[in-house]
Amino acid sequence: MTETRSERSSSMLRKLIWAGLLTSAVPLIAFSVLLIGRGWIDGRERMAHELETYAGVIGLNAATAILFDDPQAAAETLAALRTIPTVLGAAIYDRNGKLFAVYPDAARASLPASPPPTGSHRFERTSLNLTREIAFKGETVGRIYLRSDLRPFYREIAKDSGVIFATASITSAAAVLLMIRLQRRIVSPLKDLAQLMQTVSSGGDYSVRAASYGRDEVGVLAEVFNEMLEKIQARDLELAHRRSNLQAQVTRRTDQLRHANRLLERELEERRRTELALHDSEEMFRVMSAAALDAIIMVDREGQLRYWNAAAEAIFGYRAEEVWGWSLREFLVAGESHERFLLTFRHLQATGDQALQGQIFELEALRRDGSIFPAELSLSATTLKEQWVAIGILRDIGERKRAEDYIRRLNEQLERKVRERTQQLLNAQEELVRKEKLAVLGQIAGSVAHELRNPLAVISNAVYFLHAVLPESNATVQEYLGIIDGEVGSADRIVGDLLDSVRTRSPDRLPVDLGQLIQKTLETCQRPSRVEVGLAIPADLPPLLADPLQLQQVLRNLISNAYEAMPEGGILRLEANQDDGWIVVAVRDTGVGLSPVHRDQLFQPLFTTKARGIGLGLVVVKNLMEANGGRIEVDSQPGKGTTFTLWLPQLSEAVAEEHIA
Amino acid sequence: MASSLRALLALLTALLSGIAAADQTGPGEYDVKAAYIHHFARLIQWPDGSSREPLRLCLVGGDPFGQALDPIRAETVDGRPWQILPPTEAIAWDRCDVAFISRAAGADLSRILAAIGRRPVLTIGDSEGYGERGVIINFFPENRKIHFEINLAASRRAGLNISSQLLKLARRLPGEGEAR
């Protein structure tokens, strides 16, 4: 430490010496260089100028020698250069550039054979060369070339430089010596002062004082330093005093702070926990709200939207930031349910009626793309940040509605199908029963009919005989004979029916004019006097294809049934129509009608409502209709009458032509 | 006899030099002499009052130059153009500044010089002995080159001032003794 500081002060001395040396040496060197440079430049200029002068003088004197072609005279003129020792050689060339004369003779070989280009002088390494024109009365008659030695000039310059640098060096050395002596005087008090400062700073002893060095800058410095030391000493004392006070204060404050800190830490911990809980619940709410499939909407007292979750975005197609502040009614389709909802909402706003909470509205809502969907909205009111808000949960129930509809439709279809199947099964069962009955009946009927036909024939023959032998018997006999004959006929018909019912002959189908056939049939049936018959057969009704005899039998059966159904009289109407390839014939009576139960059993064998009859007539009718490719239906109302409707195939044109042909 | 022999010699010399000149294919003897005459005029100062224009060259006793004088016809001396007066013209000496006296006029030389008298006329000859006889500048051959001699006494008589440069180049100065 000590060494370093003293070194520093000695280095300061060195710096001062260097500064002095440099300040004196730099101008000296610059001046020397300037002098030498100046000598160099001036010397060269002088030499060039001198050589020019020689060339001019010699040229002037040699001009006439060239004019009169006298090299000897020219050489003599050149010889005058002997007096100038620096001229190494000279040459004169004539007008044509031919070497005319040289100096000295020995240098002839070293001189150029033809003149170098004229112009200013050229400095070469050791020589200065010059070529000039020789003029005579303004006319160029030749050229002169001079070569001068530069080496003496160089020697002179070197000598001058030596002298100049020696002088400069000696001057500098003297200056350094002088400076060392002078600067010691400045530096040594500084050194002493530095030593003192070091003592103070390393020992911490502020009681020492610097000696006085007079009134120069160093003296002032020492004085200021002393003052500073005094102030430091005073301050140290004060500081020591204050420090002891401060210590107590600090201890007190530290205790207070520590206590406050503990309180704060507890509070912070509390708050952190609350925040964490809050954060968790917030997070939970956010997750729930985002994950919810129902739109969760919050509306403020003014009915403006304040919250709109992800599901709401998905359902309505608006992003939350777009709808911020919109009214909820923007999304609802005007209508009765809408009005009801608005009324409720206003009521809720006004009263906060708890009864309304949780009520579910079915509404029609509007998406961004304008499509309408059914929705379910439930409302509840609450308070958020001391503001009244309504929370709405809205669910798109379009899907549910569609599903419900679909299920309902499916059920209906199923029920219908079940009914149809049941009907089919019932029908099939009935058919089966009928067929079975028919089969049994067939066997019985076959033998019974066969057995009955013979006695009936015998009775008929006997009646015929009695008619023949008793032509003029009394009325009573005649009457009874008539009764027998009639009854035998009906018995025979019954037998025939019975046989027909079990053995339907295969039809011989021909084109049939229905109108004629009906007329003919009506004639064969005896019309009760109280029954009126109405016909509605269109004249242009096309012919139909059927076995005429079988069709007649069908009609006859139906007509006699109708007559029998109207014991109190009534109207029988026969109507015919065309319907999509069918001829539809309706046989309508205004008779007693049938109960639904009877109607269903109508075509069952052995079913009859008549006092007389074995219940085969309609069986035969049905069988015949089916054999002829048609069908029969019945419609009846008890007390109103019965209508049998027949469908028979219309004669197609192809078939008609075939038959006509 | 001696003079005729000398004339013969001169003729031979002239012929030889002519041949030499021809051999060199450079300028001929009279081309050089014409050029020299022009240079003489430039180096000689005529007395005041005689500087009239143009500078007249009178050919006396014959024209040995032929075409050789053509180049100097275009030249001027101190602004004075040359005017060549052929030998056929009657000579009026006052009009001549330069008089070239040919060899053919050799017999009449004394009479001619007497006629010129002290007039400022530069007399030029090219025959041996003309210098001694009073012609101011006389050409003579030496080492196959053309040299000239100057008779200073004659020039002084004519009042002509000859440049020292020219004098320096003159090989011989005949009549110097006579002048002294």
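The values are calculated or read from the model by the stated rules, or taken from the named source; none is laboratory data. Predicted model only: the values in this text are computed from it and were never measured. Because the Cβ atoms are built from the backbone with ideal geometry, glycine has one as well, and the counts that use them run over all protein chains shown.
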Exercise for the section: With respect to A:G97, determine if the residue is out of contact with any helix residue (DSSP H, G or I) (no Cβ under 9 Å at 6 or more places or on another chain) and under 30 Å from B:I44 (Cβ atoms). Expected result: yes
Handout entry: Residue in region A:112-122 that is surrounded by 16 or more Cβ atoms within 10 Å (Cβ to Cβ), free of Cβ contacts under 8 Å to residues at least 60 places away in the same chain, within 14 Å of another protein chain (Cβ to nearest Cβ) and not acidic (D, E) present
Key = no
Problem - Within region A:123-137, tally of residues that are within 14 Å of chain B (Cβ to nearest Cβ) and in a strand (DSSP E or B) - result: 3
Problem - So A:T77, is it in contact with a His (Cβ under 8 Å, 6 or more places away or on another chain), within 14 Å of chain B (Cβ to nearest Cβ) and closer than 19 Å to B:L167 by Cβ - result: no
Practice task
With respect to B:F40, determine if the residue is more than 14 Å from chain A (Cβ to nearest Cβ) and modelled with pLDDT of 85 or more.
Solution key: no
Problem - The one condition in (1) over 19 Å from A:R527 (Cα atoms); (2) outside any loop (DSSP other than H, G, I, E, B) that A:V587 fails to fulfil - result: (1)
Exercise for the section: Could you check, for region B:135-148, whether at least one of its residues is surrounded by fewer than 17 Cβ atoms within 10 Å (Cβ to Cβ), acidic (D, E), within 14 Å of another protein chain (Cβ to nearest Cβ) and not in a loop (DSSP other than H, G, I, E, B)? Expected result: yes
Fill in the blank from the handout: Of the candidates A:E415, A:E436, A:E451, A:E430, the one satisfying the condition of being among the acidic types (D, E) and touching a residue at least 60 places away in the same chain (Cβ under 8 Å) is A:E430
Practice task
Answer yes or no as to whether B:G125 is under 14 Å from the mean Cα position of the chain (by Cα) and under 24 Å from B:Q45 (Cα atoms).
Solution key: yes
Handout entry: Residue in region B:58-74 that is part of a loop (DSSP other than H, G, I, E, B), within 14 Å of chain A (Cβ to nearest Cβ) and free of Cβ contacts under 8 Å to residues at least 24 places away in the same chain present
Key = yes
Handout entry: Residues located in region A:80-100, provided they are within 13 Å of another protein chain (Cβ to nearest Cβ) and either in a helix (DSSP H, G or I) or surrounded by fewer than 20 Cβ atoms within 10 Å (Cβ to Cβ) (or both)
Key = A:A80, A:R95, A:N96, A:K98
Handout entry: Neighbours by Cβ (under 9 Å, 6+ apart or cross-chain): first from region A:55-72, within 12 Å of chain B (Cβ to nearest Cβ) and of a type in the set (S, T, Y); second buried (at least 18 other Cβ atoms within 10 Å of the Cβ) and assigned to a helix (DSSP H, G or I)
Key = A:T64/A:A73; A:T64/B:H39; A:T64/B:L43; A:T64/B:Q165; A:T64/B:L166; A:T64/B:L169
Handout entry: Checklist (1) within 14 Å of chain B (Cβ to nearest Cβ); (2) at pLDDT below 90; (3) not in a loop (DSSP other than H, G, I, E, B) applied to A:G142, failing item
Key = (2)
Completion exercise
Per the filter on region B:156-176, residues farther than 15 Å from B:F139 by Cα and more than 10 Å from chain A (Cβ to nearest Cβ) are B:R156, B:R157, B:A158, B:G159, B:L160, B:N161, B:I162, B:G175, B:E176
Practice task
Could you figure out which of (1) in contact with a helix residue (DSSP H, G or I) (Cβ under 9 Å, 6 or more places away or on another chain); (2) modelled with pLDDT of 85 or more; (3) among the charged types (D, E, K, R) isn't true of A:R530?
Solution key: (1)
Exercise for the section: Could you give me the residue pairs with C-beta distances under 6 Å whose first residue belongs to region A:539-560 and is in the same structural domain as A:D589 (by TED's automatic domain parsing), whose second residue is of a type in the set (D, E, K, R) and at pLDDT 85 or above wherever it lies, and which are 6+ apart or on separate chains? Expected result: A:P543/A:D513
Handout entry: Subset tally (residues that are without any contact (Cβ under 8 Å) to a residue 40 or more places away in the chain, in a strand (DSSP E or B) and surrounded by fewer than 19 Cβ atoms within 10 Å (Cβ to Cβ)) for region A:375-397
Key = 5
Practice task
Go through A:S207, A:S188 for me and flag whichever is exposed (fewer than 15 other Cβ atoms within 10 Å of the Cβ), assigned to a loop (DSSP other than H, G, I, E, B), more than 60 Å from the chain's Cα centre (by Cα) and among the polar types (S, T, N, Q).
Solution key: A:S207
